[in-house]
Amino acid sequence: MPTAKLILDDTTVELPVIVGTEGERAIDIRKLRAQTGYITYDPGLANTGSCQSSITFIDGEAGVLRYRGYAIEDLVEHSSFVEVCYLLIYGELPTRAQLEQFQDRLTHHSLLHEDMKKFFEGYPPSAHPMSVLSAMVASLSTYYPDSTDPEITELNMIRLLAKLKTIAAFSYKKSIGQPYIYPRNDLSYTADFLHMMFAVPSEPYEVPPLFEKVLDVLLILHADHEQNCSTSTVRMVGSSGADLFASISAGISALSGPLHGGANQAVIQMLEAIREDGGNYQKYLEKAKDPNDPFRLMGFGHRVYKNFDPRARLIKKLVDQVFNEMGINDPLLEIAQKLEEAALKDEYFIERKLYPNIDFYSGILYRAMGIPTNMYTVLFAMGRLPGWIAQWKEMREDPHTRIYRPRQIYQGSTHRPYVPIDQRG
Ligand code: ACO
């Protein structure tokens, strides 16, 4: 086995090297502090492998993303979101019988306990649906407590996958004051969500097949992305032994931030602001480059991708298809295209390898489907759910899992005597 040598205070320490199946090399520092008294310093954990995982592979330099070894390009073309959920959670593509059974379970667990409807009543209509989603998922553990029985844990995974779309749609209906639409067992997972979002009891509503297909692809593209901020949150919370619902509720909260999943909403808000400002995208490009201006080009840049985000490439293709098929124009799309073109030619973005990420064009598609802006990040969460579940399950089953407990380098005051209150000043 290869080793790395570290020279510290005239002593050479040998550290084992771990090599992943795709060639990722890591220095195993698990015994570093015990052997040397040193820790490592890595804010944002950009150089830290927090686990060994067999779920998702990313090559950020080459722009490659695979779930359980399957390229996302192939999954988008041949698979469905439900099949990808199965693949991520159980590790293999299902047989037809397995898929039918899985689909059936997701369908038959999609109702919420009637009492849960009362929770929605308590939130103000202005509540952000992501806050409601996180709170409602945490509430599920009050109905479906954790257990040491693996069958119950597995059932809770199914319940969560089945119910998240119902919670998401109910939170939207509540925010616009419309009656809740219950799940329909004759519809696919994706069509059922769209039906619960857009149907009203007073007239029939048919889910447009194009929207069903587009949303299914978007959900597949969001389904997992290895150890990103929200997934690491799910694993961190779960590492204490917290249950599935508590861990995933924390992941939803992590996803809500504008530097993570909240970016899809922020992109559209940025494009709207540019339009209202007369379409002067160059001005916003300059703002993004100004080190004294906190403004960033939303939907650009990524911790891992130093090349085109492969998901953004697929979404861009989908935008062209959908806009052609629907015969629509969106002024925000034109601004986005010009902004992207200008940024990709700009030395600042080239030097820093900043490319469009998944969030840059996804909002344009959601808009075309009539999905309101504050639901974009909820859709990201719906897509990411199978990934979070798979990662939580892997963490629980991994004998190497330890509670997440990083160290720090203390830089505060050293010991000082306590000063009584009347002597302070
Ligand atoms: N606009 C302008 N400059 C940028 C941007 C951007 N969108 N992103 C990074 N930079 C610059 C930084 O200012 C920094 O410049 P410097 O070296 O001169 O200081 C350099 O590029 C490196 O950026 P970091 O912030 O160090 O990169 P990090 O990996 O920590 O952050 C992140 C990645 C958060 C995605 C960042 O690129 C960003 O804020 N992007 C905009 C928000 C966004 O789109 N988030 C969605 C990410 S994808 C997802 O979560 C699904």
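The values are calculated or read from the model by the stated rules, or taken from the named source; none is laboratory data. Computed from a prediction, not measured in an experiment: that's the story for all the values here. In this analysis, Cβ positions are derived from the backbone assuming ideal geometry, glycine residues included, and neighbour counts consider all displayed protein chains.
Below are the figures for this structure:
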{"item": "Hits in the stretch 262-305 (condition: hydrophobic (A, V, I, L, M, F, W, C) and within 11 Å of the ligand (Cβ to nearest atom))", "result": "ALA263, ALA266, VAL267, MET270, LEU285, ALA288, PHE295, LEU297, MET298, PHE300, VAL304"}
{"item": "Selection from the stretch 112-123 of residues that are aliphatic (A, V, I, L, M) and either surrounded by fewer than 17 Cβ atoms within 10 Å (Cβ to Cβ) or part of a helix (DSSP H, G or I) (or both)", "result": "MET116"}
{"item": "Any hit, the stretch 302-313, residues being over 14 Å from the mean Cα position of the chain (by Cα), assigned to a helix (DSSP H, G or I) and under 22 Å from MET369 (Cα atoms)", "result": "yes"}
{"item": "Test for GLU226: is it surrounded by fewer than 20 Cβ atoms within 10 Å (Cβ to Cβ), under 15 Å from CYS85 (Cα atoms), of a type in the set (D, E, K, R) and not assigned by the TED database to the domain that holds GLN321", "result": "yes"}
{"item": "Test: SER240 is outside any loop (DSSP other than H, G, I, E, B), more than 8 Å from the ligand (Cβ to nearest atom) and under 20 Å from TYR404 (Cβ atoms)", "result": "no"}
{"item": "Meets criteria (in contact with a Cys (Cβ under 7 Å, 6 or more places away or on another chain), under 19 Å from MET130 (Cα atoms) and either within 9 Å of the ligand (Cβ to nearest atom) or of a type in the set (A, V, I, L, M, F, W, C) (or both)) for ALA254", "result": "yes"}
{"item": "Filter result (under 23 Å from ARG311 (Cα atoms) and either buried (at least 20 other Cβ atoms within 10 Å of the Cβ) or in contact (Cβ under 8 Å) with a residue 40 or more places away in the chain (or both)) within the stretch 188-211", "result": "TYR189, THR190, ALA191, PHE193, LEU194, LEU210, PHE211"}
{"item": "Of all residues in the stretch 145-177 being surrounded by fewer than 18 Cβ atoms within 10 Å (Cβ to Cβ) and of a type in the set (Ser, Thr, Tyr), the one that is nearest to MET382 (Cα to Cα)", "result": "THR153"}
{"item": "Per-region count, the stretch 10-20, residues over 14 Å from LEU32 (Cα atoms) and either of a type in the set (A, V, I, L, M) or loosely packed, with under 11 Cβ neighbours inside 10 Å (or both)", "result": "3"}
{"item": "Elements of type helices (runs of 4 or more DSSP H) contained in the stretch 52-111, each with 2 or more residues being in contact with a Leu (Cβ under 7 Å, 6 or more places away or on another chain)", "result": "72-78, 81-90"}
{"item": "Unique residue being more than 16 Å from the ligand (Cβ to nearest atom) and out of contact with any Phe, Trp or Tyr (no Cβ under 9 Å at 6 or more places or on another chain) when the list is ASP320, ASP330", "result": "ASP320"}
{"item": "Single match in TYR404, TYR361, TYR410 (criterion: in a helix (DSSP H, G or I) and either of a type in the set (Phe, Trp, Tyr) or under 28 Å from GLU61 (Cβ atoms) (or both))", "result": "TYR361"}
{"item": "MET382 vs. criteria buried (at least 24 other Cβ atoms within 10 Å of the Cβ), out of contact with any Cys (no Cβ under 9 Å at 6 or more places or on another chain) and over 12 Å from ASN264 (Cα atoms)", "result": "yes"}
{"item": "Tally of residues being of a type outside the set (A, V, I, L, M, F, W, C) and within 10 Å of the chain's Cα centre (by Cα) across the stretch 228-240", "result": "3"}
{"item": "Count of the stretch 44-79 residues which are on the phi > 0 side of the Ramachandran plot and of a type in the set (S, T, N, Q)", "result": "0"}
